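Here is the structure we will look at, set down as structure tokens.
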Amino acid sequence: QVTKGAIDAGADYNRNRDTMIADGLIKASDSKIIWKSDPLPNDAVAVSEKLYKDKAFVAKLQSALEDLKTELKSQPELLPPRYTGFVKSDNSYYKPIRDAGLATGRLQPK
């Protein structure tokens with residue numbers, strides 16, 4: 001919408017903008033990045049509380065997801081284009097998202 005002149009400013013993940021540029025949908029020169037946040041978490045893999053109690057399973061799942069980076073070299077179709085794999089994290093990684101939700105009133109404090 002910014003590149004079409006429909007709006008003056010917008011926000012999105014850089015991955016989305018980069019994809020639109022790479023796919024020829026927009027030109028990089030038609031918009032300017034004026035601010036970048038600290039890195040934000042992207043897609044997550046979650047398990048139920050019941051399954052989370054099986055620490056051996058969780059460790060195997062995390063390891064398999066981390067190993068996707070290696071598998072993607074020979075099988076890039078395992079993930080959508082431009083995805084590079086998963087990294088191990090914990091709940092604290094999502095603090096910026098929670099903070100934004102609290103600041104906008106979309107989340108309520110516990």
Selection count, segment 23-44, where residues are under 16 Å from Ala9 (Cα atoms) and of a type outside the set (Gly, Ala, Ser): 8
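Table: residues versus (1) among the β-branched types (Val, Ile, Thr); (2) more than 17 Å from the chain's Cα centre (by Cα); (3) within 18 Å of Asp12 (Cα to Cα).
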position	(1), (2), (3)
Lys53	no, yes, no
Phe57	no, yes, no
Thr70	yes, yes, no
Val87	yes, no, no
Ile97	yes, no, yes
Ala100	no, no, yes
Output for segment 6-31, where each listed residue is at pLDDT below 90 and either of a type in the set (A, V, I, L, M) or assigned by TED's automatic domain parsing to the domain that holds Ile97 (or both): Ala11
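The values are calculated or read from the model by the stated rules, or taken from the named source; none is laboratory data. If you're wondering where the values come from, they're calculated on a predicted model, not measured in any experiment.
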